[in-house]
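Data block below; observations after.
The values are calculated or read from the model by the stated rules, or taken from the named source; none is laboratory data. From a predicted model like this one, the values you see are computed outputs, not experimental measurements. Here the Cβ is made from the backbone with ideal geometry for all residues, glycine too, and neighbour counts use every protein chain on show.
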Amino acid sequence: MNEVYSINGPVIKVKNANNFHIMEKVFVGKKKLLGEVISINDDHTVIQVYESTTGLMPGEEVICTGESISAVLGPGLLGNIFDGIQRPLHAIYKQDGIFIKPGTNVPCLDMEKEWEVDLKVKVGDPMRFGQIFGVIQETSLIKHRLLIPKNISGDVIMVKPNGSYKPEEVLLKIKDKNDNIHEVTMIQKWPIKEPRPIRDRLSLSIPLVSGQRVIDTLFPIAKGGSAAVPGGFGTGKTMMQHQFAKWCDADIIVYIGCGERGNEMTQTLEEFSELIDPKSNKPLIERTVLIANTSNMPVAAREASIYTGVTIAEYYRDMGYHVALMADSTSRWAEALREISGRLEEMPAEEGFPAYLPSRIAQFYERAGYVKTYSDKLGSVSIIGAISPQGADFSEPVTQNTKRFVRAFWALDKELAYARHYAAINWNLSYSEYIGDLSKWYNKQVGVGFLEARQKFITILAEENKLMEIVKLIGKDVLPDDQKLILEIARVIRVGYLQQNAFHKDDTFVPLEKQLKMMNLILYLERVANNVIREGKAFSLLLNTNMFEKVIKVKYDIPNDNLDLFDDYYKMIDDAFGAIK
Amino acid sequence: MNLQYIGLKKINGPLIFLDNVKGIGFEEMVEIRLENGSVRHGRVVEINGDLAAILVFEGTRDLSLNNTVIKFTGKPMELGLSKNILGRVFNGIGHPIDDLGPVYVEKYLDINGEPLNPVSRLYPKNYINTGISSIDGLTTLIRGQKLPIFSGSGMPHNELAVQIVKQAKLTGSDASNFSIVFAAMGVTNDVANYFRRSFEEAGVLDNVVMYLNLSNDPIIERLLTPRCALTAAEYLAYQHNKHILVVMTDMTAYCEALREFSSSKGEIPGRKGYPGYLYSDLASLLERAGIVKTASGSVTQIPILSMPNDDITHPIPDLTGYITEGQIVLERELHMQGIYPPIGVLPSLSRLMKDGIGAGFTREDHQPLMNQLFASYSRVMDARSLASVIGEDELSPADKNYMEFGRLFEKHFISQGFVNRDIKDTLDLGWNLLSVLPKEELDRTEEKILDKFYDHEKAYYRFELNKNLYIKELKKEEH
Ligand SMILES: Nc1ncnc2c1ncn2[C@@H]1O[C@H](COP(=O)(O)OP(=O)(O)OP(=O)(O)O)[C@@H](O)[C@H]1O
Ligand SMILES: [Mg+2]
């Protein structure tokens, strides 16, 4: 029997054991705590335990399972909320009450629920990994396409008739070329640290549209791409993730609360159950999987939560869906790595983080992609990771290493947040490398004007930046009128366009069409104002027309479903500026 | 199972080591009996085969390798609780120190608590009226929230905490259900007495439970004090449906105790010597706030911490800010100008307020007012920094306007003294102040709200603005 020898927080050691393998799932002690083998040498085996080890004693048994820590994949994931090791929190609440107890054992998915299955294959059909063999209406929004699990290929020798079945009932039997017979159910397991294979990686050419102007316009992310949102506390990382989860045009959302607040997960759960998706008129929760490993839950499970989430995301991708995954916050995940590494007394690299931090970060973001699946469909996983840098200092290892592996970087700024300029994305520090790949799409789907207007915005903001250097020293009053105008237009862009109110019914989500119209209006204002100034009229007279304020408030005054109102503004500008004597 | 051992193998700082022990559990509590009969308390912090490391909360002073008997209790540290704890005073490990004898125990609870299942939480939405404008108006406190005060030595954080407690108790239909749990870590006798006196003056002493680890008490004991307090708070809230306000001070002393423990254990230190798990450890305390579906009570936390060197990026305030649902930041500059409470409103934040304010809670205009006040006040900062370069006289009329607005805002809105101000008055005052500025400057606010609340005339008279009314002057100059 393998026995616990030493205990140090979530790390335990077993002496003189030889039957473990790396990354094997084990059960530790009388309470059968879930654990994973993380290192083996001739003297001892090290196991990290995903639950609290309080009360564990040396001498208690450690049981091998022969399998890796895996996600349980099947219908019932959507609308559900799990902890980092995929234990269902609703079911645990029913069983154990308000607190989560170590050793709780509840099946990940409801195994008693019956699902209406439409089987898509017949006896004799050849089947391989990843092919679709049946369809279940999982929620009113999403069809769950049942996929052949791994290591199974052969001919169908038995298939159940359409009807309702429990998840673990055999739906299909497949005989492989060695005459072995495999039984297939709705459920499959997948090791969370192993990416699910794909047929082909495709180039990224379609944006993940979020309705957040500063993102869609200035720093877009592609479907299948990855982005990082670093920012000090209270700068709006979680709000940004929530806005994406609510409004982005993905089919499926996987939201991982990794080492963050309990109340935030409750809020997500409550809000998403009530919020209606504008496209489908169904509650958003029907397309969402929530993973909540809050900051006070065991730290090793925090490390697992990221992998559990991305495995579920890949599974839906393989059905042919576009999945967006939010991880809030990847810093807490990195800190979990650091804590475990510290307990193992590994040689630390930068700031105590283990030397393998960069490769772990890379492996995670590499699981994003736009792909052709083994079901011959197109699907994608986009990853948006929040980063919580110590002291809001972006030079720390997690931010720096993440920057190497993501192509969109949305830097949140404390000063902007203090001024309540939300989304507090600093336009000077942020970037998106996707813009080139996406230009074709923008030109075709939104109009050629979009990227041109974008470029003009960037130029004006850059000029403002330069002028502000001077203003800081001598004040605004001494600038010539044309430069005053640049500052004023930049203000209109900042306050009227970049700044967006997540709590306002129209402003919370803005379709690309309105974004383009807003940009065009602002640029028209700039052109006309410029002409007036060139005619030698004083800048202060322009200010008195109040047109700048009017254009700033367009975001509130023109509802998303009445964009014709924009036309009135052009006339207003002409009239107001034309009247200047 | 009660195992006893005589003698130690090694003593190192607050840690003692025993060998040849069998059948003990990780994080189990132990009792250490000295030759002179006194008893100390410890916890198993690491087990290596038959070698156990034990952290002694009262410190290892006077211990030798052979003058002790160690008794293993077979369970983690538990606190005996009943409603009778109300009105009582305990030391930092939960033993009564008020000469009123032991408390009747209805239930023993593990002081480490267990993580709340997010599914069992209710999202907090009811605001607590503190009567303080800069809190109610700009960083509203919500029942079930954890909202720390970031302060520094010599600033009036204790006064503020007391004022919140005194004024908050007065409102709401469940006022009678309101109790306070107070935890002191490493603060002086004076401070503890100040709180005690203030609770007495407010007539709430019978509804207060105090856990005191004062500056001359054992340092490592501080690791248990907030856990005792929070266990009591959860018990009262979730089993007796009480609304509990937990005031914990000083969290910085708590963190220093944790650092001492960690370094004596030989752990790899993180930033400024604090252990890498400081975030998780603080979260295990601060996450014990909230409201659950199965009880009508709530746990609201107001932890107080002093920022070393007033540095908000120091690991203690930094990590706290990443865990709590906002923060109230006190600023020395305001304090030096004699402004009380010296709340720096720009870095302060309440994350839960968005769902607890507005129509049906406070007033429909609360959210837009708050946004505009923040935006306008941050413009004041720009104007001030420009003024410090070119002089106030050289500022543009618009910037001069902001300077005036800034002064009035600090004088009337932030500086409030110990009066209790109604939320309606706070909001009206906010609009009056904004109305000092030209209407066009209020670019965050929708027109229809401004039409209703903007009133320059009123501001002009209320604040006795300078005769050469700024707004007219602006217009004059431009025409
Ligand atoms: N787009 C937005 N619109 C309006 N308010 C916002 C927006 N973004 C952020 N805020 C405000 O800022 C607060 C803090 O935002 P958030 O909780 O997202 O910060 P965070 O970066 O996730 O912080 P932490 O690292 O501590 O979790 C919110 O509660 C909200 O009041
Ligand atoms: Mg957050």
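What helices (runs of 4 or more DSSP H) completely inside region A:442-535 contain at least 3 residues that are among the acidic types (Asp, Glu) and more than 16 Å from ligand 2 (Cβ to nearest atom)?
Values: elements: A:449-474, A:481-491, A:512-534.
In region A:442-535, A:449-474, A:481-491 are the helices (runs of 4 or more DSSP H) which contain 3 or more residues that are among the acidic types (Asp, Glu) and more than 16 Å from ligand 2 (Cβ to nearest atom).
Please state which of the following conditions B:Ile328 fails to meet, knowing it meets all the rest: (1) more than 16 Å from ligand 1 (Cβ to nearest atom); (2) among the β-branched types (Val, Ile, Thr); (3) modelled with pLDDT of 95 or more. Status for B:Ile328: all satisfied but (1). Among (1) facing another protein chain (nearest Cβ under 10 Å); (2) over 22 Å from A:Pro191 (Cβ atoms), where does A:Asp83 come up short? Going through the list (1) facing another protein chain (nearest Cβ under 10 Å); (2) over 22 Å from A:Pro191 (Cβ atoms), A:Asp83 breaks only (2). Checked against the criteria, A:Ala250 does not count as within 20 Å of A:Thr330 (Cα to Cα), away from ligand 1 (no atom under 12 Å from the Cβ), of a type in the set (Gly, Ala, Ser) and not in a helix (DSSP H, G or I). Considering the conditions (1) within 14 Å of another protein chain (Cβ to nearest Cβ); (2) within 16 Å of ligand 2 (Cβ to nearest atom), A:Ala411 is excluded by exactly one of them, (1). Determine, yes or no, whether A:Val121 is assigned to a loop (DSSP other than H, G, I, E, B) and either among the aliphatic types (A, V, I, L, M) or within 14 Å of chain B (Cβ to nearest Cβ) (or both). Yes: the conditions hold for A:Val121. Kindly establish whether A:Tyr93 is free of Cβ contacts under 8 Å to residues at least 24 places away in the same chain, in contact with a helix residue (DSSP H, G or I) (Cβ under 8 Å, 6 or more places away or on another chain) and among the hydroxyl-bearing types (Ser, Thr, Tyr). So A:Tyr93 fits the description; yes.
Within region A:302-313, not a single residue is within 16 Å of ligand 2 (Cβ to nearest atom), in contact with a strand residue (DSSP E or B) (Cβ under 9 Å, 6 or more places away or on another chain), modelled with pLDDT of 95 or more and not in a helix (DSSP H, G or I). The set of residues in region A:140-175 that are in a loop (DSSP other than H, G, I, E, B), surrounded by fewer than 20 Cβ atoms within 10 Å (Cβ to Cβ) and not hydrophobic (A, V, I, L, M, F, W, C) comprises A:Ser140, A:Pro149, A:Lys150, A:Asn151, A:Ser153, A:Lys160, A:Pro161, A:Asn162, A:Lys166, A:Glu168, A:Glu169.
Residues in region A:129-142 that are touching a residue at least 60 places away in the same chain (Cβ under 8 Å) and within 25 Å of the chain's Cα centre (by Cα): A:Gly130, A:Glu138, A:Thr139, A:Ser140, A:Leu141, A:Ile142.
Being in contact with a His (Cβ under 7 Å, 6 or more places away or on another chain), within 14 Å of chain B (Cβ to nearest Cβ) and assigned to a helix (DSSP H, G or I) is the requirement here; does A:Tyr556 meet it? Quick ask: steps written out before the conclusion?
Details: in contact with a His (Cβ under 7 Å, 6 or more places away or on another chain): yes; within 14 Å of chain B (Cβ to nearest Cβ): yes; assigned to a helix (DSSP H, G or I): yes.
Taking the combined requirement at face value, the residue satisfies it.
For B:Ser82, the conditions (1) more than 14 Å from every other protein chain (Cβ to nearest Cβ); (2) modelled with pLDDT under 95 all hold with the exception of (2). Pull up region A:384-428, narrow it to residues that are part of a helix (DSSP H, G or I) and charged (D, E, K, R), then point me to the one that is farthest from ligand 1 (Cβ to nearest atom). So the residue we want is A:Arg404.
Have a look at B:Arg43, B:Arg33 and point out the one that is within 14 Å of chain A (Cβ to nearest Cβ) and part of a strand (DSSP E or B). Can you show your working first?
Details: B:Arg33 fails: within 14 Å of chain A (Cβ to nearest Cβ).
Just one listed residue meets the conditions, B:Arg43.
So, in region B:389-410, how many residues would count as being part of a helix (DSSP H, G or I), under 13 Å from A:Val471 (Cα atoms) and of a type outside the set (D, E, K, R)? Of the residues in region B:389-410, 2 are part of a helix (DSSP H, G or I), under 13 Å from A:Val471 (Cα atoms) and of a type outside the set (D, E, K, R).
Answer yes if at least one residue in region B:212-222 is farther than 21 Å from B:Leu79 by Cβ and touching a strand residue (DSSP E or B) at 6+ places or on another chain (Cβ under 9 Å), and no otherwise.
Filtering region B:212-222 down to residues farther than 21 Å from B:Leu79 by Cβ leaves B:215-216.
If we keep only those that are touching a strand residue (DSSP E or B) at 6+ places or on another chain (Cβ under 9 Å) too, we end up with B:215.
Scanning region B:212-222 turns up at least one residue that is farther than 21 Å from B:Leu79 by Cβ and touching a strand residue (DSSP E or B) at 6+ places or on another chain (Cβ under 9 Å).
Quick grid of which residues meet (1) over 23 Å from A:Asp83 (Cβ atoms); (2) within 13 Å of another protein chain (Cβ to nearest Cβ):
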position	(1), (2)
A:Ser226	yes, no
A:Pro230	yes, yes
A:Thr235	yes, yes
A:Asp251	yes, no
A:Val254	no, no
A:Gln267	no, yes
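Entry remark, region B:122-144: residues being within 25 Å of A:Ser52 (Cβ to Cβ) and buried (at least 24 other Cβ atoms within 10 Å of the Cβ) number 1 in total.
Of the residues B:Val162, B:Val119, B:Val89, B:Val105, which single one is of a type in the set (Val, Ile, Thr), farther than 30 Å from B:Leu18 by Cβ and surrounded by fewer than 20 Cβ atoms within 10 Å (Cβ to Cβ)? If you could, list the steps in order and put the result at the bottom.
Details: B:Val162 fails: surrounded by fewer than 20 Cβ atoms within 10 Å (Cβ to Cβ); B:Val119 fails: surrounded by fewer than 20 Cβ atoms within 10 Å (Cβ to Cβ); B:Val105 fails: farther than 30 Å from B:Leu18 by Cβ.
After ruling out the rest, the residue left standing is B:Val89.
Close Cβ contacts (under 9 Å, 6 or more residues apart or on different chains) running from residues in region B:56-76 that are within 14 Å of chain A (Cβ to nearest Cβ) and more than 12 Å from B:Ile32 (Cα to Cα) to residues that are among the hydroxyl-bearing types (Ser, Thr, Tyr) and surrounded by 14 or more Cβ atoms within 10 Å (Cβ to Cβ) comprise B:Pro76/A:Thr54.
Note on region A:317-332: among residues that are more than 12 Å from every other protein chain (Cβ to nearest Cβ) and within 15 Å of ligand 2 (Cβ to nearest atom), the one that is nearest to A:Thr402 (Cα to Cα) is A:Thr330. Summed over region A:18-45, residues that are within 14 Å of chain B (Cβ to nearest Cβ), among the aliphatic types (A, V, I, L, M) and closer than 9 Å to A:Val62 by Cβ total 1. Apart from one condition, A:Met265 fits all of (1) within 16 Å of ligand 1 (Cβ to nearest atom); (2) modelled with pLDDT of 95 or more; the exception is (2).
Yes/no per residue for (1) hydroxyl-bearing (Ser, Thr, Tyr); (2) more than 26 Å from the chain's Cα centre (by Cα); (3) surrounded by fewer than 18 Cβ atoms within 10 Å (Cβ to Cβ):
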site	(1), (2), (3)
A:Thr65	yes, yes, yes
A:Gly74	no, no, no
A:Arg87	no, no, no
A:Ala91	no, no, no
A:Phe99	no, yes, yes
A:Pro102	no, yes, no
A:Lys113	no, yes, yes
A:Glu116	no, yes, yes
A:Met127	no, yes, no
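Just one of (1) in a helix (DSSP H, G or I); (2) in contact (Cβ under 8 Å) with a residue 60 or more places away in the chain fails for A:Leu337. It is (2). For region A:236-262, the tally of residues that are of a type in the set (S, T, N, Q) and within 11 Å of ligand 2 (Cβ to nearest atom) stands at 2.
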